[in-house]
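Comments concern the structure below.
The values are calculated or read from the model by the stated rules, or taken from the named source; none is laboratory data. Quick caveat, the model's predicted, so the values are computed rather than measured. Note that each Cβ is placed from the backbone with ideal geometry, even for glycine, and that neighbours are counted across all protein chains shown.
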Amino acid sequence: MVLTLRDGDELFFSTTRDRLKAKTVEGDARVAVTFLDDGAPHRFVTVEGAARIDGDNIIDAHVQLNRELRGPDFTPPADFAQRLAK
């Protein structure tokens, strides 16, 4: 499972530069992301577009992703930036 966050016309997801997702985007920015509905009748939607790696503003995006997962009261720990840099 990959958590995604929609902000206007952009989709965000978290990965690290050493993972295949990041290496693939660096080599070819064309992407397709498919979202599946677990319930019957197994609907889905595919979004196609160009991707980019944004290493400058990762904290805000990670906070938003965590709030989607853990709830709106999620507060990042003091060492959040250091954890993301690993």
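Looking at the structure I just gave you, is LEU84 surrounded by 14 or more Cβ atoms within 10 Å (Cβ to Cβ), in contact with a Phe, Trp or Tyr (Cβ under 9 Å, 6 or more places away or on another chain), modelled with pLDDT under 85 and not in a loop (DSSP other than H, G, I, E, B)? Judged against the criteria, LEU84 is not a match.
Filtered by the rule that a residue be out of contact with any helix residue (DSSP H, G or I) (no Cβ under 8 Å at 6 or more places or on another chain), of a type outside the set (D, E, K, R) and either surrounded by 10 or more Cβ atoms within 10 Å (Cβ to Cβ) or over 19 Å from ILE58 (Cβ atoms) (or both), the stretch 14-30 gives ALA22, THR24, VAL25, GLY27, ALA29. Filtered by the rule that a residue be surrounded by 10 or more Cβ atoms within 10 Å (Cβ to Cβ), within 14 Å of the chain's Cα centre (by Cα) and not aromatic (Phe, Trp, Tyr), the stretch 31-46 gives VAL31, VAL33.
Any residue that is in contact with a strand residue (DSSP E or B) (Cβ under 9 Å, 6 or more places away or on another chain) and either within 16 Å of VAL2 (Cβ to Cβ) or among the hydrophobic types (A, V, I, L, M, F, W, C) (or both) - is there at least one of those in the stretch 67-74? The answer is yes, given that some residue of the stretch 67-74 is in contact with a strand residue (DSSP E or B) (Cβ under 9 Å, 6 or more places away or on another chain) and either within 16 Å of VAL2 (Cβ to Cβ) or among the hydrophobic types (A, V, I, L, M, F, W, C) (or both). Filter the stretch 52-62 for residues that are among the hydrophobic types (A, V, I, L, M, F, W, C) and either within 11 Å of the chain's Cα centre (by Cα) or part of a strand (DSSP E or B) (or both) and give the result. Across the stretch 52-62, the qualifying residues are ILE53, ILE58, ALA61.
Could you tell me which of the residues THR15, THR34 is β-branched (Val, Ile, Thr) and at pLDDT below 85? The unique qualifying residue is THR15. Residues of the stretch 1-24 that are part of a loop (DSSP other than H, G, I, E, B), under 8 Å from the mean Cα position of the chain (by Cα) and without any contact (Cβ under 8 Å) to a residue 60 or more places away in the chain: VAL2, SER14, THR15. Number of residues in the stretch 25-51 that are part of a strand (DSSP E or B) and not hydroxyl-bearing (Ser, Thr, Tyr): the value is 12.
Assess whether ALA51 counts as being surrounded by 14 or more Cβ atoms within 10 Å (Cβ to Cβ) and in contact with a Phe, Trp or Tyr (Cβ under 8 Å, 6 or more places away or on another chain). In short, no.
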